[in-house]
Amino acid sequence: MNLIKALYDPQVPLPKDFYEQILEELEYFSVSSQIYVLLKQQGKLE
């Protein structure tokens, strides 16, 4: 859930284990497209 908070609040840094956590949360919450859009909008994919 920390990843979800970090995506919606640009002031919250991404977790250190970002890639492991994102895979778990994407699978659990089935929100891959929403996560991608938020990361892209915030420039966190570049």
Positive end of the charge dipole of the chain (Lys, Arg +1 and Asp, Glu -1 on Cβ, about the Cα centre): tell me which of ALA6, SER32, GLN42 has its Cα farthest that way.
GLN42
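For the chain, with every protein chain kept in place, what is the accessible area per residue (1.4 Å probe, Å²)?
On the way: 3660 Å² over 46 residues.
Result: 80 Å² of accessible area for each residue.
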Just to be sure I understand, if you calculate Cα Rg over 2.2 N^0.38 Å for this structure, which of [x] 1.18; [y] 1.64; [z] 1.02 do you get?
[z]
Using a probe of 1.4 angstrom, how much of the accessible area of the chain is carbon and sulfur, in percent?
56
Counting helices only, and only those DSSP H runs with n ≥ 4, report the 222 nm mean residue ellipticity of the chain as the sum of -39,500 (n - 2.57) divided by its residues, in deg cm²/dmol to the nearest 500.
-18500 deg cm²/dmol
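The values are calculated or read from the model by the stated rules, or taken from the named source; none is laboratory data. Just so we're clear, the structure is a prediction, and the values are computed from it rather than from any experiment. Here Cβ is always computed from backbone atoms with ideal geometry, including for glycine, and neighbour counts include all displayed protein chains. Heavy atoms of the whole protein, side chains included, go into the accessibility calculation; ligands, DNA and RNA do not. Shrake-Rupley method; radii C 1.70, N 1.55, O 1.52, S 1.80 Å.
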